[in-house]
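One structure below.
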Amino acid sequence: MRRGHALLGGLCGLAAAVAVGCGSGERQDANEAEASYDVEVVDASFPERHRLAQKSQLEITVRNEGTEAIPDIAVTLDGLDRRLDRDDVADADRPVFVVDGRRKQIGGYPEVKLAGPGGGPTALVNTWTLGRLEPGAEKTFRWHVTAVEAGPFELTWAVSAGLHGNAEAVSVGGAQPRGKLQGTITSKPPSSRIAADGVTVVNPAP
């Protein structure tokens, strides 16, 4: 789930992936206390139907239901890429949805800058954080994405209370808050029109 740089940098990145610093340094999870925090997912919304090149918005709103502040509320989102079952390609990962501003070179697609919800991405692949969440407070993770691969899709998400596994988010029943969003991307791109100003391109609503 985590990636590092090549050679020594890669070893440090790999060490970080298991929450261990490179060399004899302090563990990167040393300041993350072991605790469980009550979290409710207020809403998780995403259109079920998309068209190629259509821009859409995915939102996940979470609330701290406990009496202690959550150190670093985070969401891991998987399914943005689809892995091809082929050995004749350099990179078998193909995008299904491109997060607007995401920096990733895949196949013939241009490399763009990584973006996402307010706090930005983390060192963990496909994980975003919005920082400290006070008791009773809510925060919304919001992604603006563009559909680039026709066919069915399934996005899975999971909420965490920290980045190193010590601080756990739990829902009613004691399980980690998680879920999935499914639907279809059709091959027909969305139609568009020129607004009255003669310049602005207007796309239809999802």
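Structure summary
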quantity: Candidates Gly162, Gly183, filtered to the one that is crowded, with 20+ Cβ neighbours inside 10 Å and over 13 Å from the mean Cα position of the chain (by Cα); calculated: Gly162
quantity: Region 130-143 residues that are without any contact (Cβ under 8 Å) to a residue 60 or more places away in the chain, paired with ones that are among the polar types (S, T, N, Q) and assigned to a strand (DSSP E or B) (beta carbon under 9 Å, 6 or more apart); calculated: Leu130/Thr140
quantity: First in region 32-55 and outside any loop (DSSP other than H, G, I, E, B), second anywhere and of a type in the set (Phe, Trp, Tyr), Cβ under 7 Å, 6 or more apart; calculated: Ala44/Trp157
quantity: Filter pass, Leu84 being at pLDDT below 95 and either at positive phi or exposed (fewer than 14 other Cβ atoms within 10 Å of the Cβ) (or both); calculated: yes
quantity: Yes/no for Pro95 being modelled with pLDDT of 60 or more and open to solvent by 50 Å² or more (accessible area, probe 1.4 Å); calculated: no
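Residues are listed down the side, and each one gets a yes or a no for (1) more than 21 Å from Glu59 (Cα to Cα); (2) β-branched (Val, Ile, Thr):
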| residue | (1), (2) |
| --- | --- |
| Gly136 | no, no |
| Thr140 | no, yes |
| Val148 | no, yes |
| Gly151 | yes, no |
| Ser171 | no, no |
| Gly183 | no, no |
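The values are calculated or read from the model by the stated rules, or taken from the named source; none is laboratory data. Because the structure is a prediction, the values reported are computed rather than measured. Methodologically, a virtual Cβ is constructed for each residue, glycine included, from the backbone with ideal geometry; neighbour enumeration extends over all protein chains shown. We work out accessible area using only protein heavy atoms, side chains counted, and drop any ligands, DNA or RNA first. Shrake-Rupley method; radii C 1.70, N 1.55, O 1.52, S 1.80 Å.
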